[in-house]
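Data first, discussion second: the structure below is written as structure tokens.
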Amino acid sequence: MIDSIASFLDYWPKARARTTRVLDHLPAADLEWTWQPGRFTFGDLLRHLAGIERFMYAENVAGRPSRYPGHDASLGAGLDGVRAYMERCHREAMAVFGALTHEQLLQRCTTPAGATMPVWKWLRAMVEHEAHHRGQLYMMASMRGLKIPPLYGLTEEEVRARSASDLPLG
């Protein structure tokens with residue numbers, strides 16, 4: 001449970017920074033690459049995450065309906081345009097989230113699907129949505145041979161090398 005808006009405001013930018021790390025290491029030529037026609041490009045995913053944070057989640061927790069504009073390149077073209085769009089949307093969403101009171105975290109909001117849930121659960125869903133698409137970004141980067149720093153500082157191989165090998169596994 002997200003039990004305080006202060007803890008969420010501290011956590012969320014760090015989670016978003018782990019996503020933005022992909023943009024930091026993305027060559028301009030790969031921004032609109034996709035693994036299959038009709039699927040999200042890197043740029044589409046990043047614009048989607050920016051727009052959904054600001055225009056769906058932030059609107060919904062403020063008691064308003066979604067105004068999600070989609071992920072079209074016109075929202076942010078090129079690496080600089082995508083970065084600017086992400087930063088603007090994140091800044092505006094953080095202002096909405098920062099205005100929430102503890103009581104509002106417990107109140108119900110309505111999602112675009114018409115479901116109602118406590119605001120804190122909708123914010124948690126936003127974090128899960130971000131992690132889902134971040135996984136796509138990392139997988140796509142791997143498909144392109146791009147080297148993106150590990151999410152938490154170590155690769156799987158480094159974790160294994162630093163793990164105790166003499167302990168029973170059962």
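None of the figures in this text is laboratory data; all of them are computed from the coordinates on show. Keep in mind the model is a prediction, meaning the values are calculated, not measured. So basically every Cβ, Gly included, is an ideal-geometry build from the backbone, and we count neighbours across all protein chains shown.
The charge dipole of region 1-81, taken about its Cα centre with unit charges on the Cβ of Lys, Arg, Asp and Glu (plus for the first two, minus for the last two), comes to roughly 160 debye. Subtracting the Cα-Cα distance of Leu9 and Ala113 from 0.36 nm times their residue separation leaves 34.9 nm of extension gain. Taking 7 Å steps out from each Cα toward its Cβ at Arg91 and Arg124 produces label points 3.2 nm apart. Dividing the alpha-carbon radius of gyration of region 23-72 by the rule-of-thumb value 2.2 N^0.38 Å gives 1.35.
Taking every Cα-Cα distance in the chain and sorting them into 5 Å bins from zero, the calculated P(r) comes out as 1, 8, 16, 18, 17, 13, 11, 8, 4, 2, 1, 0 percent. Multiplying the residue separation of Ala164 and Leu146 by 0.36 nm and subtracting their alpha-carbon distance yields 3.4 nm. For region 19-82, the relative contact order comes to 30 percent (Cα pairs under 8 Å, sequence separation of at least 6). Here the label points at Ala131 and Ala84, each 7 Å from Cα along the C-beta direction, are separated by 3.4 nm in the simple model. Semi-axes of the equivalent ellipsoid of region 62-103 are 25, 13, 4 Å, computed as sqrt(5λ) over the eigenvalues of the C-alpha gyration tensor in descending order.
Taking every C-alpha pair closer than 8 Å and separated by at least 6 residues, the mean separation divided by the residue count of the chain gives a relative contact order of 28 percent. Net charge dipole, the chain: roughly 180 debye, given to the nearest 20, about the Cα centre with Cβ charges of +1 for Lys and Arg and -1 for Asp and Glu.
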